[in-house]
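Here's the structure we're looking at; comments come further down.
All of the numbers you see were taken from the coordinates with simple rules; none came from a lab. Bear in mind that the values here come from a model prediction, so they are computed numbers and not experimental data. Glycine gets a Cβ as well: all are built from the backbone with ideal geometry, and neighbour counts include every protein chain shown.
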Amino acid sequence: MRHFLDFEKSVAELEGKIEELRHLSDGEELNIADEVGKLQTQAEKMLRQTYDKLTPWQRVQVARHPNRPHASDYIDALITDFTPLAGDRAYAEDRAIIGGLGRFRGWSVAVIGHEKGNDTDSRIDHNFGMARPEGYRKAQRLMAMADRFGLPVITLVDTPGAYPGAGAEERGQAEAIAESIRSCLGLRVPLVSVVIGEGGSGGAIALAAANTVLMLEHSVYSVISPEGCASILWRDGEKARDAAEALRITSHDLLEFAVIDGIIDEPLGGAHRDSEATAKSVGDAVATALDGLRGLDGDTLRTRRREKFLEMGRNGLA
Amino acid sequence: MSWLTNFVRPKIQALVGKKDVPENLWHRCPACDQMLFHRELSDNLHVCHHCSCHMRISAVTRLDMLFDDGKYERAKLPAVAADPLKFRDTKRYTERLRDAETRASEPEAIVIASGEMGGVPTVVAAFDFSFMGGSMGQAVGEGLVVAARLACDQGAALIAIPASGGARMQEGMLSLIQMPRTVIAVEQVREAGLPYIVILTDPTTGGVSASFAMLGDIQIAEPGAMIGFAGRRVIEDTIREELPDDFQQAERMLDHGLIDMVVPRGELRDTLIRVISLLRQKTPGELVPKIAETGTTLAIEVPPVDALPGDGAPVASSD
């Protein structure tokens, strides 16, 4: 089912009209094609106007759009011979994080990503992309294996945050995230991360301490959800819009702060309007990043990754 | 009234001298509500005489009680952008920083110091919870990077003592990236073959617990310390259940196998000296500082040293 965001309503109405006209044109000889063409141009213009000046809070909506492609969509589109692997070998299989081996443009790789699911059943199955310690421990296990076999690692980040559950706490959520960050930073193979939707706090950076961190144009990456921030600092959950502005969570903000390395453009009207084109752009960007890293030896990869993070935030200081 | 407070009292204070008139001689224990005399309380390392509640203490108080003879050298923290986001909620972040500085009498939420413990070189990174809840922004992250480098340069053990609600929201993603940055820092200590020990104090949560604070060679916690990733209220809202009182408490963490030991404040210094010595002075010939010779200035309500070993031993999980 197509889903329209509040600020897309006028575009949605126009597109509804276009659909209607198309149905009409089946029976009649009238020159409807012209009319449809005109309306389409108008809809496109409207969409461009809206998306050219999305507010941070609107971007949060786009990043969470239910039709936005998720990790499994990118894996389907970009990875051949995908072989999912399961379990942390200690307690459970956490389907909030999916991962496995596969081929990316001919090269053998390990892929790990948060998966949110795309309907009620799969969302519950994947716990809305909120991982428990087992998910992070599975990620660590896959990274360690990739390291042993010299396979580059691609991570796809899309989570509201790590799961805040009682069991998750008592099985060491904090430790699992900390170790996952350490795993990323210890790799002697290329690690490329793409924030494809929501980069939610510690649960996101657990998979994203990478050589190259890319963000899809309308994705967001934040230390805390705007809602969480609003309820703590403004003591008013309704101020999420203000918090989204203040936190500087958009891809352009974060490129400016040099927290990320690049932005992947989305099709007009967001990734959810054209998953195929988005997947191709993501594929091209990841391929370029990997090409730049492939020639480097393990120590260099690790050292550069560390140095990149150590340098972060030091720019412009006396 | 105003004449009395504005004119007479300052005059008297100027005559008598302010230093002998502490503002508050009595403290109320947050756990058992008993009134505690300030001097007795500080003599007891800010642990309640009645219920053993370990109260939150400043970073400097930590340093004073841990280093040999309370002697140490504070490291200068490098400058960082004070307000990179120009953040403003109901108040400007710069204002909050100024208030915090006044309240905590520290320029930031972390203090780095080097000195000796039991005669062995040690670097301590201690958090000050009174500075914006010990939250970790660029300055705190940089502090840990500096502490790790200092430890490596001096061949010293690194002891991190977090007391923090987590990442500092007002610095946005620049605070979140302190998680990988601090992980790199402590990894450098590990690679240098030096001990990295964490003392989890109340509270240690969020981005701090999910980074350097869970990666120690040895994980120690103070009794009753709240340690976790997500906040209690967030968890209760998520699972729609009330959590047990001891949820996320150090003792429960010990039972779940997440930390090595729970050590009362009065025994921390001796425990640290013993552990560091075991990790570093490996042959019988090497000089091993005697625990009995240290710690006497600290131990107020501490059991005799020969009763120590059993206390800190890991306990097997019961469920």
### Task
Please grab the % of Cα pairs in the protein assembly as shown that end up more than 44 Å from each other.
26 percent
### Task
Please turn the phi angles of the stretch B:248-255 into ³J(HN,Hα) values with the Karplus equation 6.51 cos²θ - 1.76 cosθ + 1.60 (θ = phi - 60°), one per residue in order, whole Hz, x for glycine and proline.
6, 8, 3, 5, 6, 4, 4, 4
## Note on the structure
Cysteines of the protein assembly as shown without any disulfide-compatible partner (other Cys Cβ under 4.7 Å) are A:Cys184, A:Cys229, B:Cys152
### Task
Report, in degrees rounded to the nearest 10, the 0 to 90 angle that the Cα long axis of helix A:9-25 makes with the longest principal axis of chain A.
60 degrees
#### Entry: Estimated translational D of chain A in µm²/s (Stokes, Kirkwood radius over Cα pairs; 25 °C; 0.890 mPa s)
119 µm²/s
### Among B:155-165, B:28-38, the order from most to least packed when residues are scored by Cβ within 10 Å on average
B:155-165, B:28-38
### Message
Placing unit charges on C-beta atoms (Lys and Arg positive, Asp and Glu negative, everything else neutral), compute the dipole magnitude of chain A about its Cα centre in debye, rounded to 20.
### Response
1360 debye
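I want to verify the translational diffusion coefficient of the stretch B:133-182 in µm²/s; compute it with Stokes-Einstein, Rh as the Kirkwood radius over Cα pairs, at 4 °C and 1.567 mPa s.
115 µm²/s
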### Task
Using only the Cα atoms of the stretch A:6-53, construct the convex hull and provide its projected area averaged over every direction, in square nanometres to one decimal.
3.1 nm²
### Summary
Rounded to the nearest 10 degrees, the helix A:298-311 long axis (Cα) sits at an angle to the longest Cα principal axis of chain A of 70 degrees
## Note on the structure
Binned at 10 Å from zero, the C-alpha pair distances of the stretch A:186-237 give percents of 24, 42, 24, 8, 1
#### Entry: Table column - 3J(HN,Hα) (Hz), the stretch A:117-126, Karplus curve with 6.51, -1.76, 1.60, x for Gly and Pro
x, 10, 8, 4, 4, 6, 5, 5, 4, 8
### Task
Whole number please: convex hull volume per residue, Cα atoms of the stretch A:202-262, in Å³.
79 Å³
### Query
Can you list the residues, at least 5 places off or on another chain, whose amide H is less than 5 Å from the amide H of B:Ala221, using H built in the peptide plane?
B:Leu200, B:Met261, B:Val262, B:Val263
### Task
Please turn the phi angles of the stretch B:85-99 into ³J(HN,Hα) values with the Karplus equation 6.51 cos²θ - 1.76 cosθ + 1.60 (θ = phi - 60°), one per residue in order, whole Hz, x for glycine and proline.
9, 6, 7, 8, 10, 6, 9, 6, 4, 4, 5, 4, 4, 5, 4
### Task
Any chance you could list the semi-axes, whole Å, largest first, of the equivalent ellipsoid that the Cα gyration tensor gives for the stretch A:1-124, using √(5λ)?
40, 19, 15
#### Entry: q = 0.12, 0.15, 0.20 Å⁻¹, the stretch B:88-219: log10 I(q)/I(0) [Debye, one scatterer per Cα]
-0.42, -0.64, -1.08
#### Entry: For peptides B:123-132, A:166-175, B:173-182, sequence by mean Cβ density within 10 Å, most packed first
B:173-182, B:123-132, A:166-175
## Note on the structure
So, relative contact order of chain A in percent, Cα under 8 Å, 6 or more apart, is 16 percent
### Task
Give the angle, between 0 and 90 degrees and rounded to the nearest 10, that separates the Cα long axis of helix A:275-294 from the longest principal axis of the Cα atoms of chain A.
30 degrees
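With +1 assigned to the C-beta of every Lys and Arg and -1 to the C-beta of every Asp and Glu, and no other charges, what is the dipole magnitude of the stretch B:109-217 about the Cα centre in debye, to the nearest 20?
140 debye
Hey, got a sec? Which trypsin sites (Lys or Arg not before Pro) in the stretch A:224-297 land in a DSSP loop and have at most 10 other Cβ atoms within 10 Å?
Passing both the DSSP loop test and the Cβ count: A:Arg235.
Need one number: convex hull volume per residue for the stretch B:57-284, Cα atoms only, in Å³.
127 Å³
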### Task
Considering the options A:Gly203, B:Thr205, A:Val157, tell which one lies farthest towards the positive end of the dipole of the protein assembly as shown, charges being +1 on Lys and Arg and -1 on Asp and Glu at the Cβ, about the Cα centre.
B:Thr205
### Task
Give the peptides A:184-197, B:216-229, A:95-108, B:87-100 in descending order of average Cβ contacts within 10 Å, highest first.
A:184-197, B:216-229, A:95-108, B:87-100
